[in-house]
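Worksheet: one structure, shown below.
The values are calculated or read from the model by the stated rules, or taken from the named source; none is laboratory data. This one's a predicted model, so the numbers in the text were calculated from it and none came from an experiment. Using ideal geometry, Cβ is built from the backbone for each residue, glycine included, and neighbour counts are taken over all protein chains shown. For accessibility, only protein heavy atoms count, side chains too; no ligands or nucleic acids. Shrake-Rupley method; radii C 1.70, N 1.55, O 1.52, S 1.80 Å.
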Amino acid sequence: MKGDKKKIINKKIEQERLDGKISGQIEILEKILECSPVGICLVENRIFKWVNNEMLKIFGYEKKQDFENADVQMIYNSYSDFENAGKIIYHDLKDKGKADFDFDLKKKDGSLFKAHIIITSTDTENSIESTIVILEDISQREAAQKEKLEKEKLQGVLEMAGAVCHEINQPLQTIIGYSTLYQEKDSISSRELHYIKAQATRIGNITKRLSNITQYKTINYPGNTKIVDIWGSSNDSS
C-alpha cells in the first residue's frame, strides 16, 4: 500500500517536472517568435488566435487584443480580395502543403502595402482549420527595385541619346559645311556634291542601325560617360 502511494507521488512529481519543462520550452519558443523580424501568427478557421509583436508593427496596431479572435478579413482591402487570397491559400495548401505568394494587405489606417505571405498547415485533413502564417512587408523592397529599374531605363535612354547625337552629328556637320560653301559660290562641284550625298546616306544608315538594335552594348565616350554602341548592337550586317 505504501509502495503504491510512493509510486503515485513519484509519478506526480515527474509529471510536474515534465509540465514545467514543457512550459519553459514554450516560453523560450514564444520569446524567439516575438523577436522575429517578420510577422508570425496562428490562424484557426480564418480567425487570428495568436500574433507576435511584429504583426502589430506591420499593420499599425497597438495591442494584441486587436488581432486575437478577430476575423482575418480585417487585413484585406475588400471582400473580393479576401475571397481571392482564400482561393490561393486553399489551392496551394491542398496541392503543395504550403502557400507562398505576394498580396496587397491593409493596415489599420486603411493604407495598402505589398506583403509576402507564407502559410503552412498543421492539419493534413483540413488545411484551413489551423495554419501558421509568416508575413513580411516588402513594399519598400519593391519600391527600391522599381526605382532601380527606372534608373536603369533612364541610363539606357541617356546612353542611346548620346549615341544618336554622336553618330548623326558628324555627317550633319559635313552637310552643313558643304551647304555653307555652296551658298558662297555660284556652283558646286561634283566632288562636293558627292560628299553631301555620302553624308546624307550615312545618316540614313545610322537610323537603319537604330531600328535594328537587338542587344545592349556600350562604348566609352569623352567626359567619363558611356553611349550605346549602335554599330555593335545591331544585327544589320550592311
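Give all pairs with beta carbons closer than 7 Å in which a residue from region 43-65 that is among the aromatic types (Phe, Trp, Tyr) and buried (at least 16 other Cβ atoms within 10 Å of the Cβ) meets a residue that is modelled with pLDDT of 90 or more and assigned to a loop (DSSP other than H, G, I, E, B); count only pairs at least 6 apart in sequence or on separate chains.
Correct list of pairs: PHE48/PHE67; PHE48/ASN69; PHE48/ALA70; PHE59/LYS107; PHE59/LYS108; TYR61/PHE67; TYR61/LYS108.
Any residue at all in region 34-48 that's among the small types (Gly, Ala, Ser) and modelled with pLDDT under 90?
Residues of region 34-48 that are among the small types (Gly, Ala, Ser), as a first pass: 36, 39.
Of the ones still in play, those that are also modelled with pLDDT under 90 are 36.
Yes, that holds for at least one residue.
Identify, please: which residue in region 58-86 is small (Gly, Ala, Ser) and in a helix (DSSP H, G or I) and is, among those, nearest to SER130 (Cα to Cα)?
Initially, region 58-86 is screened for residues small (Gly, Ala, Ser), giving 60, 70, 78, 80, 85-86.
If we keep only those that are in a helix (DSSP H, G or I) too, we end up with 80, 85-86.
Numbers: SER80: 22, ALA85: 16, GLY86: 14 Å.
Taking the candidates together, the pick is GLY86.
Which of (1) open to solvent by 40 Å² or more (accessible area, probe 1.4 Å); (2) under 16 Å from ILE47 (Cα atoms); (3) not β-branched (Val, Ile, Thr) is the odd one out, the single condition LYS146 does not satisfy?
(2) is the only condition that LYS146 fails.
Taking LYS148 as the residue in question, decide whether it is in contact with a strand residue (DSSP E or B) (Cβ under 8 Å, 6 or more places away or on another chain) and of a type in the set (Lys, Arg).
On the way: in contact with a strand residue (DSSP E or B) (Cβ under 8 Å, 6 or more places away or on another chain): no; of a type in the set (Lys, Arg): yes.
The answer is no for LYS148.
Within the bounds of region 87-102, is there any residue that is open to solvent by 40 Å² or more (accessible area, probe 1.4 Å) and either in contact with a His (Cβ under 7 Å, 6 or more places away or on another chain) or within 12 Å of LEU135 (Cα to Cα) (or both)?
Yes, there is a match, as at least one residue in region 87-102 is open to solvent by 40 Å² or more (accessible area, probe 1.4 Å) and either in contact with a His (Cβ under 7 Å, 6 or more places away or on another chain) or within 12 Å of LEU135 (Cα to Cα) (or both).
Listed residues ILE119, ILE134; which is modelled with pLDDT of 75 or more, surrounded by 12 or more Cβ atoms within 10 Å (Cβ to Cβ) and either out of contact with any helix residue (DSSP H, G or I) (no Cβ under 8 Å at 6 or more places or on another chain) or in a loop (DSSP other than H, G, I, E, B) (or both)?
Checking each option against the conditions leaves just ILE134.
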